[in-house]
Every structure is written in C-alpha cells, then in structure tokens.
Amino acid sequence: MEKPTVKIGVILPLSGDNDHLGQPIRELIQYKVDHFPKDSRFNYKVIFEDDQLIPRQTLLAAHRLVDLENVDVLVTFFTGPGSVVAPYAAQKHKVHLMYNFKEEMADARYNFIHVTPMLPIAQYWTHHAEALGYKKIALMVHRNAGGEMALKALEEVKTHSKLEWVDVTRFNQGEKDFRITLLKIKEKKPDVLLGLT
C-alpha cells in the first residue's frame, strides 16, 4: 500500500534583497526532507514559494500554496510573513508553523510558533553583555516587525540593566550602505553594536 503524502508549503525570501536569508533555509529544509527515514509513515513533498520578504507577496504565495497546490501545512519564516499568513491559515484550516516573534499570532489550533520568545532572548543577551563587561551599547534596528519586537523586549529588560544605550538607529529594508551611519555611531564610542532584524 502506498504511503500518504504530506504536502508542505514553505514561503521564503528566495530572491531580491533578502535571498541570503532564504536560500540557506531552503537548502537545509530540502536536505532534511531528503534524509527522512525511509520507514516513515508518510511521504513528504516540499513546495517552495518566494516572497522576497514582502508581506503582500507572502500572502499571494500562501494563496497559491493552498488554492493551487493544496498543501497540508504552511511554513513561514520571520515575523512579517508569519503575521500576514496566520489569519489566512486559520480561515483555511491549515496548520501553519512560523518563525515569528509575535506570540499572539499562535492560536494553538492552526498557528504555531517554533522560536524562543523574544523576552528571554533579550534577558539572556543583556546578562551576557554585562558579564562581558560592556557598559555602552548601540543598536541598529531593521524597520520590520521582528526588529521592532526585539527592540521592545530589550527596552523592557533595559530598566533592570546597567547598560547605557548610546544610540538607536533604524534602517529600512534594502539599505546597503551603512558607512556614514557607522561613523556616527562610532563617535558615541559604544562597547558593542547590536543589530536587530
């Protein structure tokens, strides 16, 4: 008897400015699926869609995967894509696994988060920075949902910390030349620069 096939739709930035994030994830997922045990109860088919990390593209990709490919499971990476797909997955009754820092997106029925919540990460990072003897930090924050969530968690931890924030600079998707920004930050003499994306 032929084993049933589970179709998994994975949405990643596979082209554009953020392909360096999506391509390694794609390779890892494909490698893992190719090496599932042969005696597994199911066959697995992975279908990748490119969203370039642009939310409207993410939602279009989810529609294609559900309506055209009839996937059983949706997988998204990064907070923005996961946040736009979560309501759609619930509406379509599709399991959705996401790497998303917005905990409220997980409804434990259709939407599930597979990442450590941001607050414990911020607490650990702050404790580690203090243990290394850092006194002054600078932050570069990507203007996206994930970067803002990370900043919010660090701000919450900051009140119990000895670290002085000497600079918080935000940057937009697609920005590539940070020479002037880095020179301005360097003038404030931080012990460490933390990038939040």
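Just so you know, all these numbers are worked out from the coordinates, no wet-lab data involved. Bear in mind that the values here come from a model prediction, so they are computed numbers and not experimental data. Cβ sites come from the backbone with ideal geometry, for glycine too, and all protein chains shown count toward neighbours.
Are any of the pairs LYS136/LYS189; LYS136/LYS188; LYS102/LYS162 more than 19 Å apart by Cα-Cα distance, and if so, which?
Long pairs (Cα-Cα over 19 Å): LYS102/LYS162.
Helices from the chain with mean Kyte-Doolittle at least -1.0 and a Cα length along the axis of 18 Å or more, per DSSP H: which?
Once both thresholds are applied, what remains is 19-34, 79-92, 118-131, 145-158.
Within the chain, which is the longest segment containing none of the GluC sites (Glu not before Pro) that sit in a DSSP loop and have at most 15 other Cβ atoms within 10 Å?
70-174
Go ahead and run the numbers for FRET between THR181 and GLU69, Cβ-Cβ distance against an R0 of 35 Å, rounding to 0.05.
0.25
Please compute the Cα-Cα pair-distance distribution of region 130-195 with 10 Å bins starting at 0, giving whole percents from short to long.
That works out to 20, 51, 27, 2, in percent per bin.
For region 5-113, state the average projected area of the convex hull of the C-alpha atoms over all orientations, rounded to one decimal in nm².
6.6
Between GLU130 and ILE47, what is 0.36 nm times their sequence separation minus the Cα-Cα distance? Round to one decimal in nm.
Going from the current span to full extension adds 25.5 nm.
Which Rg and Dmax, in Å, describe the Cα atoms of the chain?
Radius of gyration, then largest Cα-Cα span, for the chain: 19.6, 69 Å.
Find me the longest stretch of the chain that has none of the exposed trypsin sites (Lys or Arg not before Pro), where exposed means in a DSSP loop (not H, G, I, E or B) with at most 15 other Cβ atoms within 10 Å.
The answer is 42-108.
Relative contact order for the chain using alpha-carbon pairs under 8 Å, separation at least 6, rounded to a whole percent?
With pairs under 8 Å counted, the relative contact order is 17 percent.
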